[in-house]
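Trainee: Sharing a structure below in C-alpha cells format, with a few things to ask.
Every number in this text was worked out from the coordinates using simple rules, so none of it is lab data. The structure displayed is predicted, hence computed values, not measured ones. Positions of Cβ are generated from backbone atoms using ideal geometry, with glycine treated the same way; all protein chains shown enter the neighbour counts.
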Amino acid sequence: MSEKSYPKVDAMRIRGNEVLSLIRRKWLQLTPEEKVRQEYLRVLTNEYGYELDQMDEELEVTGRGSGHARADFVIWRSAQDKLDGKNPLIVVECKADNVTIKPSDYGQGDNYARLTGARFFVTHNSKETKYWRVVHDRMPKALEEIENIPPADASDREIEELLKRLKVFKEDEFADLLHQCHNVIRNREKKDPAAAFDEIAKILFVKVWVERRMREKRQRQNLFTVEFLDSQLGENPIDTLFIETKNFYRVDQIFEPDEKVNLKLATVREIVRLLERYNLSDTSEDIKGIAFERFLGRTFRGEIGQFFTPRSIVEFMVQMVDPREDDIICDPASGSGGFLIRFFEIVREQVMADVDRQYREFKQEVEKKRLSNGKRAQLLSEKYEELQKTINLHRKGSRLWNQWCYLRITG
C-alpha cells in the first residue's frame, strides 16, 4: 500500500484552557486526555485521509444510557455509510500520556469494536499506538495485533491484505528470521559468522531508529522498506539511514564515527524485505533477548564462549531480589542483558504505576473542589506536565533516567 498525501486540516485550535473538537464542533476543556484525543484526530485526518463527516467522537456503543461505554472515535468507510447506520470500520481508544495502557484497555477497545461490528481498533497515547484486528468469529480477548490501520481510500483488497499482516515478532519467529538474515549475508558476501553478525546488528539498529522516528514525528511513512530504498538515489541508500542512526546513538558510543554498512545493495534489499513487515520496537525485550540467545547458540555453538541463563531462572532470581526503585544491580557477565533488562522492566512498571496513581489521586481531589471547568483543566494539565518530566527517560535526573543509568554504569 503506497503512501499518499492528504489535505491538511488546521492546527489544533486552543483557546486558553479550551480546545476545539472539530467533530463535535464545540469547545472542550483542555485536559491531558482531551489533548491526546484531539491531536490523534489530526493524525487520522492528515496522515490517513479520513474526513470529519465519516467519524464520530465520544460515541455510546452499548445503547442509550450507557454513559461509561463511549468510544473516543468511531470511523466509517464513508460518510454515507455513517448516515445509513452501517457497521464502522475502526474504533479508537485514547489514553492520557501519563496513563500506562494496560491489557484491560485492549480488551475494552476490543469489546467496543465487537459491539459496533468494526474490523479494526486502535489503542493510543503519544507513547504508544497499537493496531488490532477484530476477529468476530472468536470469543472476546483473542486479540491479534497488526501493523497498521487502512487509510481512507484503501480498497477492499488492501484492507484484507492489511488484516493479514501481524506486526510483532513471536519468539521463534524472530530467532529464525535472524538466522535467515545471517545466512543471506554469509552466502552473498562470504563473511565469517562474527562479521555477518556485526552487519545484522547495524541493520537492526537502523530499523529501530526508523521506528522511533516514525513514532516521535507521528509519521506513517516507513523508511525501512524495499519500496523506499528503491525510490532513493545513490549506490546504497542504507548509508544515509545508517548515518542518521549513528547520530541518534552517538551518546551511547555504539558505533565508530567512520563505521559503515559493509553490504551490497542487493544484500541490504533482501534483509530489509525479510524484516520490513515487523515492528522491532514493540516486540517485548524478553522475546528479543530469547531470540538473540537462540540465534547465537545456533550460529556460534559456544565458539564465542557465551552460555545463557534460561529465562525462567532469570525471572525467578530477579523476583527473589525484589527490585525497587533506586536499587543498584551489578551483572559482571551480562551477556544479552537478561537480568538487567528484566530488573529495569520491573522497576519501570513500578514507577509508571506510581505515576498513574499520583495522577488519579490528584484528579479525584481536583474534581471534589468547586472550580470552574477552565481552572480544573489548568490544574490537571500542570500536574500532567510535572509527572511527564519524572518519567522522561531522556531527561537527566528523571526517575527512569536515574534507574537506566544505574544499569548502564554497573552492567
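Trainee: Once you put a point 7 Å from the Cα of E147 and another 7 Å from the Cα of I254, both along the Cβ direction, what distance in nm separates them?
Mentor: Taking the simple label geometry, E147 and I254 are separated by 2.1 nm.
Trainee: Let me see the P(r) profile for region 219-261: every Cα-Cα distance counted, bins of 5 Å, each bin given as a percent of all pairs.
Mentor: 5, 21, 26, 21, 15, 11, 1
Trainee: Need one word for region 14-163: rounded, prolate or oblate. Basis is the Cα gyration tensor (sqrt eigenvalues a ≥ b ≥ c); a/c below 1.5 gives rounded, then a/b vs b/c decides.
Mentor: Rounded is the answer for region 14-163, as its axis ratio a/c remains below 1.5.
Trainee: With label points built 7 Å along Cα→Cβ from the Cα atoms of E315 and S372, find their separation and express it in nm.
Mentor: Label at E315, label at S372, 5.3 nm between them.
Trainee: In addition: Among the listed pairs K190/K246; K86/K368; K95/K396, which have their C-alpha atoms separated by more than 32 angstrom in this model?
Mentor: Cα-Cα > 32 Å for K86/K368; rest within.
Trainee: Quick one: if the Förster radius is 51 Å, what FRET efficiency do S104 and E227 give, using the C-beta to C-beta distance and rounding to 0.05?
Mentor: Step by step, r from the Cβ atoms, then E = 0.85.
Trainee: If you don't mind, another one. With labels modelled as points extended 7 Å from the Cα through the Cβ direction, what inter-label distance (nm, one decimal) is found for E325 paired with D156?
Mentor: With each label placed 7 Å out from Cα toward Cβ, I get 5.4 nm.
Trainee: Follow-up question, since we're still on this one. Tell me, how many Å apart are the Cα centres for region 324-383 and for region 14-42?
Mentor: Comparing the Cα centres of region 324-383 and region 14-42, I get a distance of 25 Å.
Trainee: Sort D110, D176 so that the residue with the fewest other Cβ atoms within 10 Å of its own Cβ comes first and the one with the most comes last.
Mentor: Taking fewest neighbouring Cβ atoms as first place, the list is D176, D110.
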